[in-house]
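Report on the structure given below.
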Amino acid sequence: MPTSSSTAANAKPLINLLRGWPNPSLLPSQLLRTAADHVLSDRSLAVPGLEYGPDWGDQLLRQSLAESLTHFYSSPNPIDVGRITITGGASQNLACILQTFTDPAYTRNIWFIAPAYMLAFRIFADAGFEKKLRAVPEDAQGLDLPYLRQAIEQSEKEAQAKGNNEPLFKSPKPWSKIYKHVIYCVPTFSNPSSKTMSLTRRQELVKVAREYDALVVTDDVYDQLQWPAGLNKVDGHEFTGMKAVMPRLVDVDKVFAGGTEREGSDGFGNTASNGSFSKICGPGVRTGWVEGTAKLAHGVSQTGSSRSGGAPSHLTATFLANLLSQGELQNHISKSLLPTYHRRYHLLMSAIHEHLVPLECTLPPTARTLGGEGMAGGYFIWLRLPKGVSAKDLVQRAQTEENLVVAGGGLFEVPGDNKSEETSFDNCIRLCFTFEEEDRLSEGVIRLGNVIKMVLKGEAAPVKIGRDGVEDATNAFW
């Protein structure tokens, strides 16, 4: 029988601060319709777009991306189009990278900077690495590098002791190599912590990757979503011409300490930048790109599924090529997405400072300096709970008592390597400010504060749900 508090919760409108999607009002459906009309009404564009397409993807989109990325990341030299292959999005391409550049026996471990993007775990598990996932804690600069170095060194010693000296399942191919390690991270405005890795850490990470034959795969999907972190001057800020807060790891690898063409290198490099249109256009376009050395980009294009089925998302890529080459997508980002997310971020942050910080919730530092001004970005805010408050219990009670959905920190623990204090996160939650209706963001924080107060007072939960029930309920709100 429902309790009075759960009945009251059901009477309240659902507030979803879990779902990491753009609000429907921000989807550029009219822009895509215009681009689709342009492509499909021109036979010279429509026919190639409806055929299989070249392995490396639509040429206009590759060229437009090379120009756009050169500008945004302030590259000293134009990015060569040969470094870019069009993909079916960051998630699809992560699977392709694993198919081409790893061997589930020879590749020693997958290293996640934790807390980590939780939906990536299954992609690695499906590639045969379920028992090889390892967590590396963040530090103030985004990565505990001594921890990583020591752990990789130990992993190498164990591999050598077992005679793991060559790939077991993958024979050599002219378009690929098999790496000993994979390091996965979201280095800029990370999901979930929203931290940005410092330039020093990026350089050090590239150095470690080269030393231990690791491929660093970065989800660079939030880089273009950035705004001033200060709580003043929210309205009227000009976002046109924004530049990246930090060079990508793929940019660092290209030039650092001799670059990818240094003496003795094999030309594949040690980084792969996974880009996506999901966050800057719409998730449903299922289109992205990978940037790396020309050899790595070519290797991705030779993945079996692409060789058989043609370039992923090829027709959609022609629509996006039109938007990007005409500057329409850039305008959408600067005039629609950034002002809106800037405002939403500050609404949620203001509510957190008013209602949660007095309860001893804390916000880890996330901003990085750009021209003397802190920058925030991405989709999420990572919140540390008051001492003694369990995220698992809080998530459960928020849903049953306040009809509020948030993501508990346990979701972002690396499976099988979450027992230490540094790699377990039941004292944290993640809040998303991009999906829920804007006028409900503050109300969501107020409801969260109500539940935290109940927990701190020791009030018993009216309903107890097992862990599987919590996870099943959470999955319904992704």
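Here, each number is a calculation from the coordinates, and none is a lab measurement. This is a predicted model, so every value here is computed, not measured. Every residue, glycine as well, gets a Cβ built from its backbone with ideal geometry; the counts of neighbours run over all protein chains shown.
Of note:
- Convex hull volume per residue in cubic angstrom - Cα atoms of the range 391-451: 89
- Calculated Rg and Dmax of the range 39-195 using C-alpha coordinates, Å: 19.1, 62
- For the range 273-307, backbone nitrogen atoms closer than 18 Å to the point 7 Å from Thr70 Cα along Cα-to-C-beta are found at 290-294.
- For the peptides 335-342, 91-98, 422-429, 38-45, the ranking by mean Cβ contacts within 10 Å, running from highest to lowest, is 91-98, 422-429, 335-342, 38-45.
- Listed values for the range 301-313 are Karplus-derived 3J(HN,Hα) couplings in whole Hz (6.51 cos²θ - 1.76 cosθ + 1.60, θ = phi - 60°), namely 5, 9, 4, x, 5, 6, 5, 7, x, x, 4, x, 6, and x replaces Gly and Pro.
- Average Cα contact separation per residue, the chain, under 8 Å, 6 or more apart, as relative contact order %: 27
- The lysines whose alpha-carbon is closer than 28 Å to the alpha-carbon of Lys170, local same-chain residues fewer than 8 away aside, are Lys131, Lys132, Lys157, Lys162, Lys180, Lys207, Lys254, Lys295.
- FRET efficiency, Asp80 to Ser350 (Cβ-Cβ, R0 56 Å, nearest 0.05): 0.80
- Within straight-line cross-link reach of Lys392, lysines at Cα separation under 23 Å, skipping those fewer than 8 residues along the same chain: Lys12, Lys195, Lys419, Lys453, Lys457, Lys464
- Taken over the alpha carbons of the range 271-375 as equal point scatterers, the Debye sum produces base-10 log I(q)/I(0) values at 0.17, 0.24 Å⁻¹ of -0.99, -1.31.
- In a reduced charge model with +1 at each Lys and Arg Cβ and -1 at each Asp and Glu Cβ, the chain shows a dipole moment near 320 debye about its Cα centre.
- Compared with the dominant Cα axis of the chain, that is its longest principal axis, helix 59-72 is turned about 60°.
- 0 to 90° range, to nearest 10: angle between helix 391-402 axis and the chain longest Cα axis: 60
- Integer Hz, Karplus 6.51/-1.76/1.60 couplings in order for the range 36-50, x for Gly and Pro: 5, 4, 4, 6, 6, 8, 10, 4, 5, 9, 5, 5, x, x, 8
- 5 angstrom amide H check on Lys195, placed H, neighbours 5+ away: Ser190
- Chain lengthening between Glu437 and Ser390 when straightened (0.36 nm per residue, less Cα-Cα): 14.2 nm
- A simple rule links phi to the HN-Hα coupling: the Karplus curve 6.51 cos²θ - 1.76 cosθ + 1.60 with θ = phi - 60°, which for the range 425-431 gives 9, 6, 9, 9, 9, 10, 10 Hz, with x for Gly and Pro.
- Loop sites in the range 160-243: trypsin sites (Lys or Arg not before Pro), DSSP, at most 16 other Cβ within 10 Å: Lys162, Lys233, Lys243
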